[in-house]
């Protein structure tokens, strides 16, 4: 599960531990490879990371340009302050972030797997549109559809506490529904890339079985042995998802997006 569902291990403040953590997540989750590839060509003069979590994406780029974050979890917010050295606010409804983003001509707002946990995503997107300067972009990774392949994973996911329910997921959009939401909030899609086709979904579900078992009392030994056993398959299926990606977002379980303001 993601760190924002658990107490953050203090060892992650050490660079070597953080490097191991990043390396593991890049292998296990296809979305991380998609986001990392997009950020390798990052263009912008400032970043506002909404839902920063443990600062997974912010930590490196905060050394290169002005950055700030919004993170309502106080423990995670303090961790981001300590490890990324940036200002962190606890709510988008407060005003301090607005002077920050307005001070730059090409700021970028990050929304990585966040929108589905927001009680009113439309209101948030409209507020961002209203309060951000011309030239602002949103870079977003968004889970969609949530199609499932393995019956055992679907069964465990529906019966056991999982990362989506723990974090308070509000909605699952289809690709068409997500497009309608963005259009209604005056954000135009300038780029998108589908992720998690059948191979990526298989990788995610194989690993997810172990993650779900890890959260059960007395199951941790089984979970550890299982995850060690399936790790090569998870890596292989994620490589296949990269080589044979879904043909379009309608066939995918996730999508990477760049958005721009439609009007000033």
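Nearest 500 deg cm²/dmol is fine: what mean residue ellipticity at 222 nm does the chain get from its DSSP H runs of n ≥ 4 alone, each adding -39,500 (n - 2.57), divided by its residue count? Please list the in-between numbers first.
Values: 11 runs with 121 residues, N = 264.
It comes out at -14000 deg cm²/dmol, rounded to the nearest 500.
To the nearest 10 degrees, how steeply does helix 121-131 sit against the main Cα axis of the chain, on a 0 to 90 scale?
Roughly 30 degrees between the two axes.
If contacts are Cα pairs under 8 angstrom and at least 6 residues apart, what is the relative contact order of the stretch 59-105 in percent?
37 percent
Fewest to most neighbouring Cβ within 10 Å: what's the order for 131, 185?
Values: 131 15, 185 20.
Sorted ascending by nearby Cβ count, the order is 131, 185.
Between residue 174 and residue 154, with labels modelled 7 Å along Cα→Cβ, what's the label distance in nm to one decimal, could you check?
Computed distance between label sites residue 174 and residue 154 equals 1.7 nm.
How many percent of DSSP beta bridges within the chain run antiparallel, rounded to 5? Let's see the in-between values first.
Details: 15 of 31 bridges.
For the chain, the DSSP antiparallel bridge percentage is about 50.
Hey, what angle do you get for helix 220-243 against the long axis of the chain, alpha-carbon based, 0 to 90 degrees rounded to 10?
Around 60 degrees separate the two axes.
When the chain is modelled as a GNM with alpha-carbon springs shorter than 10 Å, which of 60, 69, 33 fluctuates the most?
60
Just 219, 199, 57 to compare: in a GNM of the chain, with alpha carbon springs under 10 Å, which one fluctuates most?
Result for the chain, Cα springs under 10 Å: 219 fluctuates most.
Take every Cα pair under 8 Å in the chain that's 6+ residues apart, average their separations, divide by the length, and report that relative contact order as a whole percent.
Values: 428 pairs, mean separation 58.2, N = 264.
Over the chain, the number comes to 22 percent.
Expressed as a fraction of 2.2 N^0.38 Å, the rule-of-thumb size for a compact globular protein of N residues, what is the C-alpha radius of gyration of the stretch 131-251?
Compactness ratio reported: 1.26.
For 54, 130, 71, what ranking results if the residue with the fewest other Cβ atoms within 10 Å of its Cβ goes first? Walk me through the numbers on the way to the answer.
Working: 54 22, 130 11, 71 25.
Listing 54, 130, 71 from fewest to most nearby Cβ atoms yields 130, 54, 71.
Expressed in nm to one decimal, what extension gain is obtained for the pair residue 90 and residue 131 from 0.36 nm per residue of sequence separation less their Cα-Cα distance? Please list the in-between numbers first.
Numbers: separation 41, 0.36 × 41 = 14.76 nm, distance 1.71 nm.
Taking 0.36 nm per residue and subtracting the Cα distance, the gain is 13.0 nm.
If packing is taken as the average number of other Cβ atoms within 10 Å across a peptide's residues, how do 11-23, 161-173 rank, most packed first? Before the final figure, lay out each step's value.
Details: 11-23: 12.7, 161-173: 14.5.
By packing density, highest mean first, the sequence is 161-173, 11-23.
Where does helix 198-214 land angle-wise versus the long Cα axis of the chain, in degrees 0 to 90, nearest 10?
Once rounded, one gets 70 degrees.
Between Rg and the Kirkwood Rh of the stretch 124-185, both from Cα atoms, what is the Rg to Rh ratio? Present the calculation step by step, with values, prior to reporting the outcome.
On the way: Rg = 15.8 Å, Rh = 14.4 Å.
Reported Rg/Rh, Kirkwood definition of Rh: 1.10.
Can you work out the base-10 log of I(q)/I(0) for the stretch 25-179 at q = 0.17 1/Å, using the Debye formula on its C-alpha atoms alone?
-1.10
How much of the calculated P(r) for the stretch 65-128 lies past 15 Å, in percent of all Cα pairs? All intermediate terms of the calculation are to be shown ahead of the outcome.
Numbers: 1147 of 2016 pairs.
More than 15 Å apart: 57 percent of the Cα pairs in the stretch 65-128.
Suppose we look only past 25 Å in the calculated P(r) of the chain. What percent of the Cα-Cα pairs does that tail hold? Walk me through the intermediate numbers first.
Working: 15782 of 34716 pairs.
Counting pairs separated by more than 25 Å, the tail of P(r) holds 45 percent.
Per-residue counts of other Cβ atoms within 10 Å, averaged by peptide: what ranking do you get for 136-146, 118-128, highest first? Walk me through the intermediate numbers first.
Values: 136-146: 22.0, 118-128: 16.2.
The densest-packed peptide leads the list: 136-146, 118-128.
Read-outs throughout are calculated quantities, based only on the coordinates presented, and are distinct from any laboratory measurement. Because the structure is a prediction, the values reported are computed rather than measured. As a convention, Cβ positions derive from the backbone with ideal geometry for all residues, glycine included, and neighbour counts pool all protein chains shown.
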